[in-house]
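Everything on this sheet refers to the single structure shown next.
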Amino acid sequence: MWRGGATAASAARALRSRMFPDTIHHPAAALAPIASARSSSSAPSAAAGPTVAEATAAAVAVSQRAGSVSDVLRHYGRCYFELSKARLSALVVATSGAGYVLGSGNMVDIAGLCCTCAGTMMVAASANTLNQVFEIKNDAKMKRTMRRPLPSGRISPAHAAIWATSAGAAGTALLACKANGLAAGLAASNLILYAFVYTPLKQIHPVNTWVGAVVGAIPPLLGWAAASSELSLNAMILPAALYYWQIPHFMALAYLCRNDYLAGGYRMFSFADPTGKRTAWVSLRNCLYMLPLGFFAYNWGLTSEWFSLEASLLTLGLTLGALSFVLEPTPKNARRMFYGSLLYLPAFMAGLLLHRLPNEQKEHNVTQTSEITGILYGAEQQDEERARQKREDRKPSRVHSRPPVAYASVAPFPFLPVPVYISPQAH
């Protein structure tokens, strides 16, 4: 019995060891189910591995594509910025905006000012781009311009021409719609004058400097025309200042960069003046022409009397710079006059705007327009009243006469109640 019981017990222990391994003496056996469970749970993750890899690759591709698009936009934005000569165009916009403010009355139309500046900016960008399209070979020969988008090959001439045409057409259309036809015509004329007259003339004759001065004097007229829809004598103050200012400004630049201009094939006044004396005298003469502009602005009612004094002092300072250039035509004095001209223009324009008086002609036109509108409105009201009266007269008469007792009771004694009148038919 004992042996049989022992045998049975040993058999039971063997069966139990097979079904439930001893975790103390055989730990690997205890970990086997866990490993099998992990392996079974890791099967789906292994299957999902390609999906994660594909998503990662797609995200990388999208980021690369976005990076390439941003690079392209940055590249062309930079090219458009340089083709438009944005800083020079901003100066043109400033002069046009100043002309708009000077041509306004007591109140300045901010929306009209913004539209005028935007249209001027687009037209100026178009003109500067066309200038570079026509001068690719010349710019490639000059150190100052050889890194521009067209000589460096960063953009094609056809692309630049399309950009110039689109910007010019959009700017002119904006001025025509939001300002008036006179402003749009001045913008289009200035674009043609700069791109198709001044640009080729630079390679033919030194008179191009004076033609370019005319181009720079038109934007203030454009702004004045956009504000007042007409041009008057007062509108010529700022254009005259810009015209005479550009001569000493550019003469100093042409003297400093004459070797570069000569290499580019341009015909400048300073080429035939090796000593610089004639260039300096031309600069001084045009500075003297600007001296009475402040007095004219005050005398014609454009500004207060303080501007006359300030403008005279500013012009006198620029004239002294030109005089030093005449006495000693050296690059140092030319550079000093050039920097002085850069300071002169914003100071002159700021004084004009600070001391400006409302455009009386603009106010007169507004008043006259209001009177005409009132007269027309009154005439329309009278016509409507006559037409209404005729319609009333054509209607059949339906007047119900009141009984004489009621009239007699109300008229002499209005504080008494009106008697009730009963018609005989009621009985």
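Data table
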{"read-out": "Residues being under 26 Å from Pro220 (Cα atoms) and open to solvent by less than 20 Å² (accessible area, probe 1.4 Å) - total across segment 324-348", "value": "5"}
{"read-out": "From Gly97, Gly77, Gly103, residue being over 13 Å from the mean Cα position of the chain (by Cα) and touching a residue at least 24 places away in the same chain (Cβ under 8 Å)", "value": "Gly103"}
{"read-out": "Exclusive hit being part of a loop (DSSP other than H, G, I, E, B), of a type outside the set (Val, Ile, Thr) and buried (at least 19 other Cβ atoms within 10 Å of the Cβ), set Met122, Met107, Met142", "value": "Met142"}
{"read-out": "Among the residues listed as Leu309, Leu342, Leu352, the single one being more than 28 Å from the chain's Cα centre (by Cα), at pLDDT below 95 and assigned to a helix (DSSP H, G or I)", "value": "Leu309"}
{"read-out": "Residue satisfying condition, being modelled with pLDDT of 90 or more, open to solvent by 10 Å² or more (accessible area, probe 1.4 Å) and in a helix (DSSP H, G or I), within set Leu284, Leu242", "value": "Leu284"}
{"read-out": "Condition check for Phe325: under 15 Å from Ile237 (Cα atoms), part of a helix (DSSP H, G or I) and hydrophobic (A, V, I, L, M, F, W, C)", "value": "no"}
{"read-out": "All positions within segment 215-239 that are surrounded by fewer than 19 Cβ atoms within 10 Å (Cβ to Cβ) and closer than 26 Å to Arg335 by Cβ", "value": "none"}
{"read-out": "Residue match in segment 296-313 (condition: within 21 Å of Ala213 (Cβ to Cβ), of a type in the set (A, V, I, L, M) and surrounded by fewer than 22 Cβ atoms within 10 Å (Cβ to Cβ))", "value": "no"}
{"read-out": "Extreme residue, nearest to Val211 (Cα to Cα), among residues of segment 246-281 that are among the aliphatic types (A, V, I, L, M) and crowded, with 20+ Cβ neighbours inside 10 Å", "value": "Ile247"}
{"read-out": "Meets criteria (hydroxyl-bearing (Ser, Thr, Tyr), assigned to a helix (DSSP H, G or I) and in contact with a Leu (Cβ under 6 Å, 6 or more places away or on another chain)) for Ser96", "value": "yes"}
{"read-out": "Which numbered condition Gly321 misses (of (1) closer than 15 Å to Trp245 by Cα; (2) of a type outside the set (Lys, Arg); (3) open to solvent by less than 10 Å² (accessible area, probe 1.4 Å))", "value": "(3)"}
{"read-out": "Test for Gln203: is it closer than 21 Å to Arg278 by Cα, touching a helix residue (DSSP H, G or I) at 6+ places or on another chain (Cβ under 6 Å) and polar (S, T, N, Q)", "value": "no"}
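The values are calculated or read from the model by the stated rules, or taken from the named source; none is laboratory data. If you're wondering where the values come from, they're calculated on a predicted model, not measured in any experiment. Backbone-built Cβ (ideal geometry, glycine too); neighbour counts: all protein chains shown. The area values use the complete protein model at the heavy-atom level, side chains included, leaving out ligands, DNA and RNA. Shrake-Rupley method; radii C 1.70, N 1.55, O 1.52, S 1.80 Å.
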